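Before any comments, here is the structure.
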Amino acid sequence: MHALIRAPLLAVSLVTLLFLSWQTPARAADMDRLEAFLEVTGFDVALESIRLSADSAPAMLGLEADDFGSEWSRLVGEVFKTDLMHDMALDILGKTLDDALLIHAADFYATDLGKRLVKVENASHLQEDDALKSESGKAIIDGLVRIGSPRVALLNRLNNASDVEDSSIRAIQEVQIRFLMAAASAGVIELQMDEPDLREALRSQEGDMRASIKANALANAAYTYQAFSDQEVATYADALSDPKMQKVYALMNAVQYEIMANRFEEVASRLSGMQPSQDL
């Protein structure tokens, strides 16, 4: 699905709050329909790509993944198992995603356009060379700006429809806090500030973060959807703007981010046996 990015997380309580705030009477979807939903929307591949975010964990501690040698690859393989994350998603969605929303989203992604979109989105999610994707996307945007193409506005509209900036900022801030707090609890680091001060420090960086996320999301969209016409991009933006699809995306983003947060906390709990404590 569009714009499920490799930045962590929202607490699972948000998943619950989202569901309760909708006050949806329809029953939750069953497991077979959820499995089909994950596949048709590409959310299963988005979940698989979470492991690609793992290498950002050491950087939060001022380290590099290479500092841990082969142990890091082993740890990532154990903590970010695809089957485990898949089951976590099914468990949360089984309690929160009702049939009406599932059917609405699945119907769109089952169309010819939807299938083509999922194919390129899956490839983009699993593209490990983020630098290449970013550079290619920025080059496309530069070219579009030079010729005054309306496509740039369409791509921004597409990103706005899926709440790229706000959800990403909340995710990045929360994953950093939860990861650092878990690392401190495990004795991996010694935090020099308490949680409220840590949150305030991250909030102070929000302006620069927002600008960076917006630029990166635009480049990513330009790269991912380069084979689609302006009309197809506009059709997709219309689909994502639908209130039902908005609810689906809010829930799916929350689910993905909670899984990221949970896995990053698990990484933090295991790092104590791999790396001596250090001050942060």
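The values are calculated or read from the model by the stated rules, or taken from the named source; none is laboratory data. As the structure is a computational prediction, the values presented were derived from the model and not from experiment. Ideal geometry is used to build each Cβ from the backbone, glycine not excepted, and the neighbour counts take in all protein chains shown. The protein model used for the area step is the full one, side chains on, heavy atoms only, and it has no ligands, DNA or RNA in it. Shrake-Rupley method; radii C 1.70, N 1.55, O 1.52, S 1.80 Å.
Take each peptide in 75-86, 48-59, 255-266, count the other Cβ atoms within 10 Å of every residue, and average; sorted highest first, the result is 255-266, 48-59, 75-86. Counting heavy atoms of the protein chains alone, Asp166 has an accessible area of about 60 Å² for a 1.4 Å probe. For helix 70-79, what angle does its Cα long axis make with the longest principal axis of the chain, in degrees from 0 to 90 and rounded to 10? Tilt of helix 70-79: around 60 degrees.
Between the Cα long axis of helix 112-125 and the first principal axis of the chain there is an angle of about 20°, rounded to the nearest 10. Computed over the chain with a Gaussian network model linking Cα atoms closer than 10 Å, the most mobile of Ala217, Ala106, Ala153 is Ala153. The calculated FRET efficiency for the pair Asp166 and Asp91, based on their C-beta separation and a Förster distance of 41 Å, comes to about 0.95.
With the whole protein complex present, Lys214 retains an accessible surface near 100 Å², based on a 1.4 Å probe.
Can you tell me which of 183-189, 226-232, 136-142 comes out highest on packing, and rank the rest after it, using the mean Cβ neighbours within 10 Å?
Numbers: 183-189: 19.1, 226-232: 12.3, 136-142: 17.4.
Those peptides, ordered most packed to least, come out 183-189, 136-142, 226-232.
Shown is the FRET efficiency for Arg33 and Glu266, computed with R0 = 41 Å from the Cβ-Cβ distance and rounded to the nearest 0.05: 0.90. Farthest towards the positive end of the charge dipole of the chain, among the residues Val45, Ile259, Leu240, is the Cα of Leu240, using unit charges on the Cβ of Lys, Arg, Asp and Glu.
On average, how much accessible surface per residue is there in the chain, in Å², for a 1.4 Å probe, leaving out ligands, DNA and RNA?
On the way: 12820 Å² over 280 residues.
Here the per-residue accessible area is 46 Å².
Listed by chain and number, the lysines placed with their C-alpha closer than 27 angstrom to that of Lys214 are Lys115, Lys119, Lys133, Lys138, Lys244, Lys247; residues fewer than eight positions away on the same chain are left out.
Dipole of the range 134-280 computed with +1 at Lys/Arg Cβ and -1 at Asp/Glu Cβ about the Cα centre; of Ala268, Ser168, Ala153, farthest Cα towards the positive end is Ala153. Between Ser241 and Asp142, the modelled label-to-label distance comes to 3.1 nm, taking each label 7 Å out from Cα in the direction of the beta carbon. Counting only protein heavy atoms and a probe of 1.4 Å, the accessible surface of the chain is 52% carbon and sulfur.
In deg cm²/dmol, rounded to 500, what helix-only [θ] at 222 nm does the chain give when every DSSP H run of at least 4 residues adds -39500 (n - 2.57) and the total is split over its residues?
The helix contribution divided over the chain gives -23000 deg cm²/dmol.
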